[in-house]
Amino acid sequence: MKNTAYPLLRSAVRSLNRSLTPLKAAGGRLRYLSPFPQRFTGAYSSFEDAIAAARSNGLAGYDHEEIAQVAFDKMCQVAPWDYPVLFWMRQVMGEIDGLVDAGGHMGTKYRAFRDLLSLEGSFRWVVYDLPAIVQAGRRRAEQDELDNLHFVDRIGDAGPVPLFLGSGLLQYLDIQLSDLLGRMPALPRHLLLNKVALREGGAIVTLERIGKAIVPYQMRDEEAIRRDVERLGYHLVDRWTIPSLAHVIETHPELGPSESAGFYFRLQ
């Protein structure tokens with residue numbers, strides 16, 4: 001009896017979800033009319049379409065100094081989802097002398113991790129980000145006298161580094177990761193990705209509200225990410241999930257929740 005009951009129950013749940021999809025969609029579209037701003041709105045097939053929609057609604061994209069300070073103090077704290085990254089960084093610290101922190105904002109991970117890792121001496125932590133964020137980050141690092149923290153707005157200027165860290169990078173990156181890695185002088189041996197937004201059924205781009213700005217936010221296909229980096233010679237060492245960072249697009253709940261995950265790849 002038990003062997004037949006579970007498949008029947010799963011089938012009934014799937015049928016119920018399908019029947020509720022039009023209601024979910026209608027309810028989601030009504031949120032466009034809400035006087036309260038939603039965190040995620042819209043669903044687009046490309047970054048270009050998403051940024052065009054964002055421009056029609058005000059401050060678009062992340063390249064604005066006005067949003068550099070949004071949640072800065074909170075981002076400088078160690079979060080639960082940082083610990084897999086810290087674990088793998090500790091495993092390789094003996095063989096690396098620096099890293100590039102792609103999408104590293106104003107050096108928030110450096111500030112969060114420096115008391116937990118050996119980052120003093122000649123260790124170079126290079127943040128790659130957009131020009132407005134880099135400018136704000138440099139000023140803040142000078143104020144805080146963080147001599148090991150450097151900033152570039154062209155990733156090739158980071159020089160050859162043994163570790164690439166992308167924590168919360170891929171949802172805001174408007175190119176393939178392999179294209180970004182290809183702009184570096186040499187491929188980093190270690191590749192750590194965290195807080196990667198994933199979804200089944202193909203990638204989509206939504207719009208996220210960050211302070212006063214509206215920013216394209218991509219939920220990617222996991223297999224596409226893996227193929228993209230594996231063709232460069234990387235192989236997957238570890239993968240972890242971050243359930244607390246799953247998101248639903250408020251205006252398009254019928255598309256289902258995203259999954260947040262992290263990856264450690266090593267160059268063969």
query: Could you list, in sequence order, the residues of segment 228-268 that are touching a residue at least 40 places away in the same chain (Cβ under 8 Å), part of a helix (DSSP H, G or I) and surrounded by 14 or more Cβ atoms within 10 Å (Cβ to Cβ)?
result: 228, 229, 245, 253, 254, 255
query: residue 171: crowded, with 16+ Cβ neighbours inside 10 Å and out of contact with any Ser or Thr (no Cβ under 8 Å at 6 or more places or on another chain), yes or no?
result: yes
task: Please determine, by comparing only the residues of segment 179-220 that are among the charged types (D, E, K, R) and either within 13 Å of the chain's Cα centre (by Cα) or under 26 Å from residue 95 (Cα atoms) (or both), which one is surrounded by the fewest Cβ atoms within 10 Å (Cβ to Cβ).
output: 179
task: Go through (1) in contact with an Asp or Glu (Cβ under 9 Å, 6 or more places away or on another chain); (2) closer than 27 Å to residue 99 by Cβ one by one and return the number of the condition residue 191 breaks.
output: (1)
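Conditions tested, residue by residue: (1) surrounded by 16 or more Cβ atoms within 10 Å (Cβ to Cβ); (2) part of a strand (DSSP E or B).
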{"site": "117", "(1), (2)": "no, no"}
{"site": "120", "(1), (2)": "no, no"}
{"site": "126", "(1), (2)": "yes, yes"}
{"site": "132", "(1), (2)": "yes, no"}
{"site": "145", "(1), (2)": "no, no"}
{"site": "157", "(1), (2)": "no, no"}
- prompt: What number of residues within segment 51-109 satisfy the criterion of being under 14 Å from residue 163 (Cβ atoms), outside any loop (DSSP other than H, G, I, E, B) and either modelled with pLDDT under 95 or among the aliphatic types (A, V, I, L, M) (or both)?
  reply: 10
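This table checks each residue for (1) in a loop (DSSP other than H, G, I, E, B); (2) within 18 Å of residue 237 (Cβ to Cβ); (3) assigned by TED's automatic domain parsing to the domain that holds residue 250; (4) hydroxyl-bearing (Ser, Thr, Tyr).
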position	(1), (2), (3), (4)
160	yes, no, yes, no
166	no, yes, yes, no
172	yes, no, yes, yes
184	yes, no, yes, no
188	yes, yes, yes, no
191	no, yes, yes, no
196	no, yes, yes, no
205	no, no, yes, no
208	no, no, yes, no
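The values are calculated or read from the model by the stated rules, or taken from the named source; none is laboratory data. This one's a predicted model, so the numbers in the text were calculated from it and none came from an experiment. FYI the Cβ positions are ideal-geometry reconstructions off the backbone, even for glycines, and counts take in every protein chain you see.
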